[in-house]
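The values are calculated or read from the model by the stated rules, or taken from the named source; none is laboratory data. As the structure is a computational prediction, the values presented were derived from the model and not from experiment. Please note: Cβ atoms are built from the backbone with ideal geometry, for glycine as well, and neighbour counts cover all protein chains shown.
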Amino acid sequence: MTSGHWRTIKALPQMSLTRLFDKDNNRIAHLGLEQAGIYCDFSKTHLDEEAVQAFGKLADDMKLSDKVKALLSGEVVNNSEGRAAEHSAERGTGNPASVENARALHQRMKSLIEVIDSGVLGDFTQIIHLGIGGSALGPKMLHHALKLGDEKYELAVVSNIDGVALEPVLERFTAAKTLLVIASKTFTTAETLLNAQAVLDWMREEGVTDPMGQVVALTAAPEQAVEWGVDETRIVPFSETVGGRYSLWSSIGFSVALTLGYAVFEDLLAGAEVMDQHFQTAPWDQNIPVLAAFVDQYYTQVRGCETRAVFAYDERLRLLPDYLQQLEMESNGKSVTLDGAPLELQSSPIVWGGVGTDAQHAVFQLLHQGSHLVPVEFLAVVEPGDSLDPAHHQGLLLNCFAQGAALMAGKKSDDSHRNYPGDRPSVTILLEDLNARTLGALLAFYEHRTFVNAALLDINPFDQFGVELGKQMAGKLAADDGNQLDASTEELKKRAFGPGQ
Ligand code: F6P
C-alpha cells in the first residue's frame, strides 16, 4: 500500500509556485503555521492541499500516529539497539518514570551548579567543555546563540583531536581558575579523552596540585568516568536512552546552564516542551514538524533533490547548520529499513548551509542559476540582537525575504546568462525573538521533523553504526600490529610518520 501512496504523490500535477499562489487565495493561511513564538512559512514550496492530503495518507499508512505515541511514551523505537529514545522525557513528555528520573538528574545538575557558583570547589571563572559530536555541537551552538557577553564564566568548547583547537585555549586560560567539563555519553571517545588528558597535564604543569578536583563529567556511563578517576560527586549522569545528538537537554547542557544560568536551561526545556505538545496533538496538516517532513520528502523523493540548504539570517544562529548536519544526517543517513531490508527511497538529504547575508555573496549563485534544485530554508528573528542603527537588522531581514522571493519569482531574460529560471522553493522560519524558549522550541521542531522523515521512510533514526568503521580503522592503524591496510593508506602513513611506522 505504501508504494501506492508514493505513486500517487509522484503523479501529483507539478505546478509552478506562482501558479500555486494564483490557484489558492488562502495559501498563506493554509501553509503558514505558528507555534511557540515560531512562524513557519511553507507557502513557497510546491506543496498544496492535495499534496498535503496525499502525504497525510502515506503518514497514516506508515502508522505515524503510533510511532509518535511510541516515541513520546518511551517505548523501544531504536530497534537495532533495543532501546527507547527519550530526549523528550528530559523536557517533561514521556514515560512517567523516565520523566521523574530526568527531573532528579536535572536537580543534581542544578545542585552542582549551585556548589560551583558558591566557590567552594574553587575560584573558577573559565570552563573548558570537552566533547565531540552531540556532546559538543549542541552546547556550542546554544552558547553562541544565547550568550550576552557579560557572563561570570568564559566558556570554550573544544571537540577536535587536532591540538590546534585546544592549544590556544590553554594559552589563554589560567589553570587554577579553569573547570574542566568532560562531556561524553560513552566516556570512551578517543578525541575527548585525549583532550581531557592534555588539559589535566597542562593543569599539573601550571602548578595545580589536584587537577582531578577541577573535573566534572557528564555521561551516561558514570562507572567509566569513575574508572577514569572522576570523583562521583562531580559526575552528572544522564539516561542511556538519550541519544548523543539529542542530548543537549540532559546533563550535556551543564556547561551552558552553568555559564548562562540554570533558569536559561529551564526555559530551553520549557520551549521544547511546548513543541512536544504541539507535535503530539496537532493534526498532520497543522503540525509544523510533520509538514516540514512532508516538504523534505517531496523534494527528496519526487524532485530528486539531494541536498537541503539552511541559511540563518542571524549571526547568533551561525552554528545551527553544523548542529543540524549531525542531527539529520547521522539520524537519517541510512540505507536499510527498520527490519533491515534495503531502503528503496532516498534517505536524508545532505544538509549544508551558512549565514546570511555572507552566503549570498558566496554560494547563492548556484541556488539561483545552478543546475541543481536545492530547497532552501531561511531562518530569521524579528527582534534584533544588536543595538546598532536599526538599518542593520532591517537590511538583514529584507535581504532574507528578498532571496526567498527572488528564488521563487526568477526573472526572464533573452540573454541566457542573465536569465533566472525561478520556481525555486524555500521555507522561511521566523522567530519572534531569539531566547532560550524559542530556541528550545526550534530545536525540538528539528528533532521531531527528523523523526517524521525517518517514520515515512521506515528507518531507524536513533542508531549510527556508520561512524563505527572509521573508528575501528583508526584503531587498527594506531595499533600497527603488522597487519597492513590497503597500499594507498600505507603509503600515506609512511609519508606522514616515516618508513617502518
Ligand atoms: O561519532 C558518533 C558519536 O557516537 C555521536 O553519535 C556522538 O554524539 C559522538 O560520537 C560522541 O560520543 P560520546 O558522547 O559518547 O563521546
* Structure fact -> Only one of Leu443, Leu379, Leu434, Leu439 is of a type in the set (A, V, I, L, M), closer than 30 Å to Pro461 by Cα, part of a strand (DSSP E or B) and in contact (Cβ under 8 Å) with a residue 12 or more places away in the chain, namely Leu379
* Counting only residues that are out of contact with any Phe, Trp or Tyr (no Cβ under 8 Å at 6 or more places or on another chain) and closer than 30 Å to Glu344 by Cα, give me the helices (runs of 4 or more DSSP H) lying completely in segment 1-56 with at least 3 of them. => 2-10
* Which residue pairs have Cβ atoms closer than 6 Å, lie 6 or more positions apart in sequence or on different chains, and pair a first residue in segment 121-149 that is among the hydroxyl-bearing types (Ser, Thr, Tyr) with a second residue that is crowded, with 24+ Cβ neighbours inside 10 Å? -> Ser135/Ala183; Ser135/Ser184; Ser135/Ile252
* **Filter result for Val164 (at pLDDT 95 or above, aliphatic (A, V, I, L, M) and away from the ligand (no atom under 13 Å from the Cβ))** => yes
* Asked: What about Glu90, is it of a type outside the set (Lys, Arg), within 16 Å of the ligand (Cβ to nearest atom) and not in a helix (DSSP H, G or I)?
  -> no
* To do: Could you tell me which numbered condition Ser348 fails, if it satisfies all but one of (1) under 30 Å from Asp463 (Cβ atoms); (2) at pLDDT 95 or above; (3) among the small types (Gly, Ala, Ser)?
  => (2)
* Cβ-Cβ under 7 Å pairs, at least 6 apart or on other chains, segment 283-302 side touching a residue at least 12 places away in the same chain (Cβ under 8 Å), far side hydroxyl-bearing (Ser, Thr, Tyr) -> Val295/Thr45
* Select from segment 57-81 the residues that are buried (at least 21 other Cβ atoms within 10 Å of the Cβ) and assigned to a loop (DSSP other than H, G, I, E, B) and list them in ascending order. => Gly74
* What do you reckon, is Glu49 more than 18 Å from Val215 (Cα to Cα), under 25 Å from the mean Cα position of the chain (by Cα) and among the acidic types (Asp, Glu)? -> no
* Asked: Is there a residue being within 30 Å of Met62 (Cβ to Cβ) and out of contact with any Phe, Trp or Tyr (no Cβ under 7 Å at 6 or more places or on another chain) anywhere in segment 360-373?
  -> yes
* Asked: Does segment 115-126 contain any residue that is at negative phi, assigned to a helix (DSSP H, G or I) and either surrounded by 15 or more Cβ atoms within 10 Å (Cβ to Cβ) or within 23 Å of the chain's Cα centre (by Cα) (or both)?
  -> yes
* Return yes or no: is Ala221 among the small types (Gly, Ala, Ser), surrounded by fewer than 17 Cβ atoms within 10 Å (Cβ to Cβ) and within 15 Å of the ligand (Cβ to nearest atom)? => no
* Residue that is among the small types (Gly, Ala, Ser) and over 25 Å from Gln286 (Cα atoms), where the choices are Ala51, Ala97, Ala36 -> Ala97
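Just to be sure before I move on: is Leu200 under 22 Å from Glu227 (Cα atoms), aliphatic (A, V, I, L, M) and away from the ligand (no atom under 16 Å from the Cβ) in the structure I sent?
The answer is yes for Leu200.
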* Can you tell me which residue in segment 233-256 is surrounded by the fewest Cβ atoms within 10 Å (Cβ to Cβ), limited to those that are over 18 Å from the mean Cα position of the chain (by Cα) and over 19 Å from Phe462 (Cβ atoms)? -> Thr233
